[in-house]
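Chemist: Take this structure, written in structure tokens, and hold onto it; I'll ask about it next.
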Amino acid sequence: MLGIAALLLIWQAIGAAGWFHGTVPEPTRIVTQMRSDGWAFYRSNLATTGREAAKGWLWGNSLAILLAIAFVQVPLVERALMRVAIAAYCLPIIAIGPILQILYNGDTPKVILAALTCFFTTLIGMLVGLRSADAASLDLVRAYGGGSWTQLRKVRFRASLPSLFAGLRIAAPASVLGAIIGEYMGGDKGLGVAMISSEQGFHTATTWAIALVATALAGTAYLVTALVGRVVTPWVPRTAA
């Protein structure tokens, strides 16, 4: 918090001195503009983007977790689909967006883009976690007659949680970014649409205010995911904040 407060003070001082030549408004000016715009303006757009990001986060991470389990349990599936997953990750979102806008209506293109931005990170995190299970514990389950699915349920899934939540923490703000990029491609409401409108109207302070609201949404998503991860994995050592 002290670092953020110091950054805001420096930002205010530099802006007041005129170093930004009016292109970057001071924090006080941004806050004043937010009050002028009204909370209803930000709330409606925030709700739209949050809904799209949440749906994308849910679908993208669910598919990633299921696919990681399939890769571990059936190696043939990994050999067949891992390259497809890598190719999907390498595809530029800017190139995919217009195609999705043609194929789908409503929030679907934004949800798909949000899902794509968080899919691969969670897939790799879950896959690494499942394969980091203690070999002695796996052998013990096998010695008592348990198969690969019993090993998954008794050992691998618990071992995967730290890596899984590391991926989910990254996926949370990434899904917000994907939703906003989707709104840039087309839409009638959301933070991305509002930002384009304010840029075209040369409303610099409003543009910065929307950007800060989007940053707050992404940061909140990250913090909530990290908090859930702490609760679910209390045995994991914590580094200093």
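The values are calculated or read from the model by the stated rules, or taken from the named source; none is laboratory data. Model, not experiment: these values are computed from the prediction. All Cβ positions, even for glycine, are placed from backbone atoms using ideal geometry, and neighbour counts span all protein chains on display.
Chemist: Can you tell me which residue among Ala53, Ala68, Ala85, Ala47 is crowded, with 19+ Cβ neighbours inside 10 Å, within 18 Å of the chain's Cα centre (by Cα) and at pLDDT 90 or above?
Modeler: Ala53
Chemist: For the condition within 21 Å of the chain's Cα centre (by Cα) and at pLDDT below 90, what is the one hit in Gly97, Gly167?
Modeler: Step by step, each of Gly97, Gly167 is checked, and only Gly97 is within 21 Å of the chain's Cα centre (by Cα) and at pLDDT below 90.
Each row is one residue, and each column tells you yes or no for (1) assigned to a helix (DSSP H, G or I); (2) closer than 17 Å to Trp208 by Cα; (3) small (Gly, Ala, Ser).
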position	(1), (2), (3)
Met34	yes, yes, no
Leu66	yes, no, no
Val72	yes, no, no
Val84	yes, no, no
Ala87	yes, no, yes
Ile99	yes, no, no
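Chemist: Right, something else. Determine if the stretch 119-139 includes at least one residue that is among the polar types (S, T, N, Q), part of a helix (DSSP H, G or I) and under 19 Å from Leu191 (Cα atoms).
Modeler: The answer is no, given that none of the residues of the stretch 119-139 is among the polar types (S, T, N, Q), part of a helix (DSSP H, G or I) and under 19 Å from Leu191 (Cα atoms).
Chemist: Name the single residue that is farthest from the chain's Cα centre (by Cα) among those in the stretch 15-43 being aromatic (Phe, Trp, Tyr) and loosely packed, with under 13 Cβ neighbours inside 10 Å.
Modeler: Trp19
Chemist: State yes or no: is Ala114 closer than 16 Å to Thr49 by Cβ and either small (Gly, Ala, Ser) or touching a Lys or Arg at 6+ places or on another chain (Cβ under 9 Å) (or both)?
Modeler: Taking the combined requirement at face value, the residue satisfies it.
Chemist: If you don't mind, another one. Can you tell me which residues in the stretch 173-190 are surrounded by fewer than 24 Cβ atoms within 10 Å (Cβ to Cβ) and assigned to a helix (DSSP H, G or I)?
Modeler: Those that are surrounded by fewer than 24 Cβ atoms within 10 Å (Cβ to Cβ) and assigned to a helix (DSSP H, G or I): Pro173, Leu177, Ile181, Tyr184, Met185.
Chemist: Continuing with the same structure: So the check is Cβ under 9 Å with 6+ separation or different chains; which pairs have a first residue in the stretch 7-28 that's within 20 Å of Ile210 (Cα to Cα) and a second one that's in a helix (DSSP H, G or I) and among the basic types (Lys, Arg)?
Modeler: Gly15/Arg29
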